[in-house]
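The values are calculated or read from the model by the stated rules, or taken from the named source; none is laboratory data. Since we're looking at a predicted model, the values are computed, not measured. Positions of Cβ are generated from backbone atoms using ideal geometry, with glycine treated the same way; all protein chains shown enter the neighbour counts.
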């Protein structure tokens, strides 16, 4: 796996941000075993990274490779050519295998299709350029070659890939357009959660979320807003944490949000993705149709 450092930061803290599905202790052990390099040289966990440096780490194996088997799951493809795909990930499907996830994942669904997938992300992440949370639906990029994978990942780090989401939140914002700016990092006492932190807190990274009001709705059961969200940064759980921090928790979000009748996951959908094709050089944009559960949950609230 390859990453580009985006700030001055210890190697172990940087990799903990890049690999949130692994514990810090597991990452530290992996580094101590000589599995991480900075600019091609093996490095200690305390190595101070500089912006732009190349960081490489061998895959952290969560389960035997033979457990990664193709699974014939329904998968909607929004676009496909010989270099990449844009897929519409359903809610409830984890992006790739992890220690805590034993059910079939998007990776295994991709493997069942046959054909090439990039290997840059490691043995358990073929083709995976970026992730969506398990219970978030919508558009995702998948790379078929290593060169395209690297180009897309670099474009994301340079903020050249635009990702827009739709979110349904409790409450009405005071403004039609607003941005949320804060620092986000691991919750100090609950590792499975992220939190808004002081900029000086260990592991805190700047995060910016842009929001635009689409429509307000109000019934006896719900008083909420549909928002169009665009990320300027891509921190773990960023949208859900940011919206909760300003009093606009996402409906159906069991970790940061509020319950919603007839909805078993967070009301968050990766609606649109826009990027320059790494081979063609052509600007491309794709939209993922709203899934039935979101339509059903909110169609009577408008």
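Restricting attention to the range 111-131, does a residue exist that is within 28 Å of residue 250 (Cα to Cα) and touching a residue at least 60 places away in the same chain (Cβ under 8 Å)? Yes. Among the residues making up the range 176-189, a single one is part of a loop (DSSP other than H, G, I, E, B) and modelled with pLDDT of 95 or more: 176.
Any residue at all in the range 165-172 that is surrounded by fewer than 16 Cβ atoms within 10 Å (Cβ to Cβ), in contact with a strand residue (DSSP E or B) (Cβ under 7 Å, 6 or more places away or on another chain) and in a strand (DSSP E or B)? The answer is no, given that none of the residues of the range 165-172 is surrounded by fewer than 16 Cβ atoms within 10 Å (Cβ to Cβ), in contact with a strand residue (DSSP E or B) (Cβ under 7 Å, 6 or more places away or on another chain) and in a strand (DSSP E or B). Scanning the range 20-46 for residues that are closer than 21 Å to residue 199 by Cα and surrounded by 14 or more Cβ atoms within 10 Å (Cβ to Cβ) turns up 20, 24. Against the numbered list (1) part of a loop (DSSP other than H, G, I, E, B); (2) in contact (Cβ under 8 Å) with a residue 60 or more places away in the chain, residue 44 comes up short only at (2).
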